Amino acid sequence: MSRLNGKTAIITGAAQGMGAMTARVFIEQGANVVIADILEEKGQALADELGEKARFVKLDITDPEQWEAAVAVAEAMGPLNILVNNAGILVFKPIIEQSMEDFNKVLNINLTGCYNGIRAVIEPMKRAGSGSIVNISSIDGLQAKNSLSAYAASKWGMRGLTKSAAIELGHHKIRVNTVHPGGIDTNMHSTNGEANEEANAFYKNHALPRVGLPVEVANMSAFLASDDASYSTGSEFCVDGGWNAGMALDFLPKS
Ligand code: NAD
């Protein structure tokens, strides 16, 4: 498939996990990709493996100046049409045990980092003539769990930010959407990053009773980044095995 031919993308948090898989899928579909991350060794190794259409840039998304450098590298590859704000951190802490520093750190990376990215690509995307910004939120941007106050606030915040940006930028042909993954088998999910029976067992009462795969999220991002999604903006796209629909109750019959 070549639906991303001629497009250049910045993908944050792309040294590993979902971001790395998104870089692979985007390149397979024809895009040039800037792999942006704080993990230099892993990011550079992935760029070397992916070849000519990939470049690694060290980017801490909380720093607006570093965004300028990442954008310059992308624009040297081609018109910058795509940003995937994928970098993020997950911290489990009950409110009562959470310091302001803990709380602000999560907000600063997950939400302010995403804002910095949107801000950095507006002029380049105007120059490119159109753009698609894909913000990787979470199932926890649609619901929440205990010990996730900072993470859920950041991921809900990304939704509001996305809608506001979509309304502001639509007339420049820049679309902005959120993707809401459920449980996806990466380091963030399971610490070992490998699909396993234990991971699947947790999802046994979901519509699709298994953990999700990074490629399933990457495919959604590729769709939103492409012109196939030309009339979609300011919206939420779930890749959650039906988690947000509800759960099967064991004491009620199934078909
Ligand atoms: P991961 O931990 O494997 O990857 C996250 C990447 O973000 C890492 O490479 C990390 O170095 C990078 N990163 C962290 N802070 C950064 C910063 N300040 N600047 C630049 N890069 C930074 O996790 P993943 O599972 O691949 O998660 C990707 C995204 O998907 C995250 O936003 C996460 O919240 C979201 N998500 C994950 C799941 C899941 O189950 N894995 C579910 C829902 C949403």
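Please treat every number below as a calculation from the coordinates, not as lab data. None of the values given here were measured: they were computed from a predicted structure. Don't worry about glycine lacking a Cβ; one is built from the backbone with ideal geometry, like all the others, and counts go over all protein chains shown.
Before moving on, here are some points about what is shown:
- Residues whose placed amide H lies under 5 Å from that of V179, excluding near-sequence neighbours: N135, I136, S137, F237
- In order along region 94-104, phi translates into HN-Hα couplings of x, 3, 5, 9, 8, 7, 4, 4, 4, 4, 5 Hz, rounded to whole numbers, per the Karplus curve 6.51 cos²θ - 1.76 cosθ + 1.60 with θ = phi - 60° and x for Gly and Pro.
- What the phi angles of region 81-93 give under the Karplus curve with 6.51, -1.76 and 1.60, with θ = phi - 60°, is a coupling list of 10, 9, 10, 10, 7, 10, 4, x, 10, 10, 10, 9, 8 Hz, glycine and proline written as x.
- Taking the Cα centre of the chain as reference, the dipole from Cβ charges on Lys and Arg (+1) and Asp and Glu (-1) amounts to some 760 debye.
- By the count of neighbouring beta-carbon atoms within 10 Å, fewest first, S130, S164, S226 end up ordered S164, S130, S226.
- Cα gyration tensor shape of region 31-176, rounded if a/c is under 1.5, else prolate or oblate by comparing a/b with b/c: oblate
- Square roots of five times the Cα gyration tensor eigenvalues for the chain, Å: 29, 20, 19
- For the chain, built as a Gaussian network whose Cα springs stay under 10 Å, the top-fluctuating residue of D37, D240, D227: D227
- By the count of neighbouring beta-carbon atoms within 10 Å, fewest first, L80, L107, L46 end up ordered L107, L46, L80.
- MRE, 222 nm, helices only [DSSP H, n ≥ 4, -39500 (n - 2.57), over the chain, to nearest 500]: -12500 deg cm²/dmol
- Region 13-28 and region 124-197 have Cα centres separated by 15 Å.
- Extension gain for the segment L208 to A69, taken as residue separation times 0.36 nm less the Cα-Cα distance, is 45.9 nm to one decimal.
- For G212, the residues whose amide H sits under 5 Å from its own are G183, I184, D185, ignoring neighbours fewer than 5 places away on the same chain, with H placed 1.01 Å from N.
- Segment A76-E40, length gained on full extension (0.36 nm per residue, minus Cα span): 10.9 nm
- Most mobile listed residue (G129, G117, G182) in the chain, GNM with C-alpha springs under 10 Å: G129
- By the rule of a C-alpha distance below 19 Å, with chain neighbours fewer than 8 residues away ignored, the lysines paired with K155 are K93, K105, K145, K163.
- For the chain, the membrane-span-like helix rule (DSSP H, alpha carbon extent of at least 27 Å along the helix axis, mean Kyte-Doolittle at least -1.0) picks out 149-169; this says nothing about an actual membrane.
- Segments 18-31, 166-179, 59-72 sorted - mean Cβ within 10 Å per residue, highest first: 18-31, 166-179, 59-72
- Residue order, fewest to most beta carbons within 10 Å, for I109, I11, I38, I184: I38, I109, I184, I11
- Taking 0.36 nm per residue of sequence separation and removing the Cα-Cα distance, the R127/L249 pair yields an extension gain of 38.7 nm.
- Which of G129, F92, S2, positive extreme of dipole for the chain (C-beta unit charges): G129
- Within a Gaussian network of the chain (alpha carbon springs, distance under 10 Å), most fluctuating of S99, S147, S235: S99
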